[in-house]
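To keep things clear, I will list the structure first and then write my remarks on it.
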């Protein structure tokens, strides 16, 4: 029996935890059914973590990224070769992860799991508890992971990314090794429990003995995907309030007296067209203040609070969702004395909103944390050696990180999410969670633009990676406990000034009442209709029109040659016949000898350059076995007037030796007065 949180009988109540109880600090004994229950238990994370409890991640991050303790600087922090990082080679295998117990793996992920076996050795046993082709971890049909609701390949959604959300506990140790041909990219998220905790050792027999608990777990989460919202929390007390809120008004929804806990908040409101949806759900904000604190613990635009933005995007998962019948968020929100729930209308239009608050009695608030949910945008500047880190949450105190919804505005297109997540816990200089890519953190892979919804992660909106994207991941069993502080970052490779790419996030966490929440409400003009399409700049050149493919800036500091400003215009994703136009400014009238300095490599194409639609020179073959910067290539002579002209680039083919990617790189265009 879990003595820090009272658990109802599994036979009587399936996997759902009963009311939160006053925590005790006795050693815990957790059965496998207890661990399975934690996968969906939204009450357990409100219990502040005991000393010794951690949650970390092993992944294939690029080991070139390092922290130099001597200088206090981060080295090669943007390194991006994340697919093959391992701990070491051993007996012809690759060691992917090593942990000491007592602990439990909650989440396993890969971008390309193949036929090579991945073996999990537990508690010093010579025989692996799991020995399967890595791809079978995610097939949903292979014992002991034959539970398709939580073992799946997103390829069935037309998407990519492989996930397993099934607990793999161990008492003393865990070692994961991979044979040749296992694939590329991996993540294992695991909790280490306080040292006296007792857990069972994972095995096929353990899974078989707990088949009923696992079946119930799968039924629960399957009932809340594919736009279904079955089994939403009910309680002895439900407050239903219909509000008409004028612009500039803050309306009280309900005031509750504790100790109690909110278990679900739901909303319905009439919305107009897409523009009205986007305006209403950013101008309306949910605000909740607990126990008389000076500022609200929950302050979030209404749509973002329910897990997606901008506007109304239908989806469901275990924690949050939007359906035609309304929106829901099932976060547990305990408090000791009082909770004030308010709705703020920062728009000009009167809004009619139905809000439902489900709540229940609580024996005591002792040992619990307040739920925090805050929305913010690009506001934090980190030291240059920390580039490209972008801060999602920075908080002090004791608590748990519960996840994030990230809204990306990417007006120029191209892949926005190359960056890794990095979680610094309790003052760590090097993060104990270091990821392999933004989409990997959100449970998919390979920049895939398809929508998907799964119990704990979703892509709820996409415009083909150009325009708006909305992705989320909620940590339930795999919440990240911290005792003194937590800094959670995700890398943002596109600087705002380069491509106009903007991040906004809704971050959720539990925090002790004496903790520090640094986030204040954001003015309405900074949270709605800030989506500006800046002129595209790539390698110092202004892009004209809407070209096919993805022209952007590529840093070239890691190559032997030296490019101007250490970068170039890099055009990828194009094919023969595609054209690119860039602005070519001319300072004075005259007749000019025109030349260009380009990039050559094994996957570059053959291009025809032009000025104002007139071909300049012959087609240029940019194939070369290595990446090089060319000398100035003469293009001919042109009569040019003062002002802006158009340099055109057309892909016309490729060298027979070239990899068929048809890339193009432009460093400089040189104009010299003709003699």
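The residue list 272, 235, 248, 258 contains one member that is surrounded by fewer than 15 Cβ atoms within 10 Å (Cβ to Cβ) and in contact (Cβ under 8 Å) with a residue 60 or more places away in the chain, which is 248.
If you scan the stretch 107-162, which residues turn out to be part of a loop (DSSP other than H, G, I, E, B) and modelled with pLDDT under 95? First the steps, then the outcome.
Narrowing the stretch 107-162 to residues part of a loop (DSSP other than H, G, I, E, B): 111, 114-116, 123-129, 139-150, 158-161.
Result: 158, 159, 160.
Sort out for me the strands (runs of 3 or more DSSP E) sitting completely within the stretch 529-630 that have 2 or more residues that are in the same structural domain as residue 650 (by TED's automatic domain parsing) and within 28 Å of the chain's Cα centre (by Cα). Spell out the reasoning first.
Numbers: elements: 541-544, 550-555, 567-572, 579-586, 590-600, 606-611.
In the stretch 529-630, the matching strands (runs of 3 or more DSSP E) lie at 550-555, 567-572.
For the stretch 50-77, give me each residue that is in a loop (DSSP other than H, G, I, E, B) and crowded, with 23+ Cβ neighbours inside 10 Å. Selection gives 60, 61. So is residue 174 part of a strand (DSSP E or B) and either free of Cβ contacts under 8 Å to residues at least 24 places away in the same chain or within 28 Å of the chain's Cα centre (by Cα) (or both) or not? Criteria met by residue 174. Of the conditions (1) in a strand (DSSP E or B); (2) surrounded by fewer than 19 Cβ atoms within 10 Å (Cβ to Cβ); (3) not assigned by TED's automatic domain parsing to the domain that holds residue 28, residue 80 fails just one. Which one is it? Among (1) in a strand (DSSP E or B); (2) surrounded by fewer than 19 Cβ atoms within 10 Å (Cβ to Cβ); (3) not assigned by TED's automatic domain parsing to the domain that holds residue 28, residue 80 violates only (1). Please go through the stretch 187-205 and give me each residue that is over 14 Å from residue 35 (Cβ atoms) and touching a helix residue (DSSP H, G or I) at 6+ places or on another chain (Cβ under 8 Å), ordered by number. Result: 187, single match.
Working only within the stretch 130-148, note down all residues that are under 16 Å from residue 210 (Cα atoms) and crowded, with 19+ Cβ neighbours inside 10 Å. Spell out the reasoning first.
Here is the first cut: in the stretch 130-148, the residues under 16 Å from residue 210 (Cα atoms) are 143-147.
144, 145, 147, listed by residue number.
Checked against (1) buried (at least 22 other Cβ atoms within 10 Å of the Cβ); (2) assigned to a loop (DSSP other than H, G, I, E, B), residue 299 meets all criteria but (2). Return yes or no: is residue 666 at pLDDT 95 or above and crowded, with 21+ Cβ neighbours inside 10 Å? Criteria met by residue 666. Is it fair to say residue 385 is out of contact with any helix residue (DSSP H, G or I) (no Cβ under 8 Å at 6 or more places or on another chain) and surrounded by fewer than 18 Cβ atoms within 10 Å (Cβ to Cβ)? The answer is yes for residue 385. Name every residue in the stretch 354-381 that is in contact (Cβ under 8 Å) with a residue 40 or more places away in the chain, surrounded by fewer than 22 Cβ atoms within 10 Å (Cβ to Cβ) and either touching a helix residue (DSSP H, G or I) at 6+ places or on another chain (Cβ under 6 Å) or closer than 23 Å to residue 435 by Cα (or both), in order of residue number. The answer is 377, 378.
The values are calculated or read from the model by the stated rules, or taken from the named source; none is laboratory data. These numbers come from a predicted model, not from an experiment. Backbone-built Cβ (ideal geometry, glycine too); neighbour counts: all protein chains shown.
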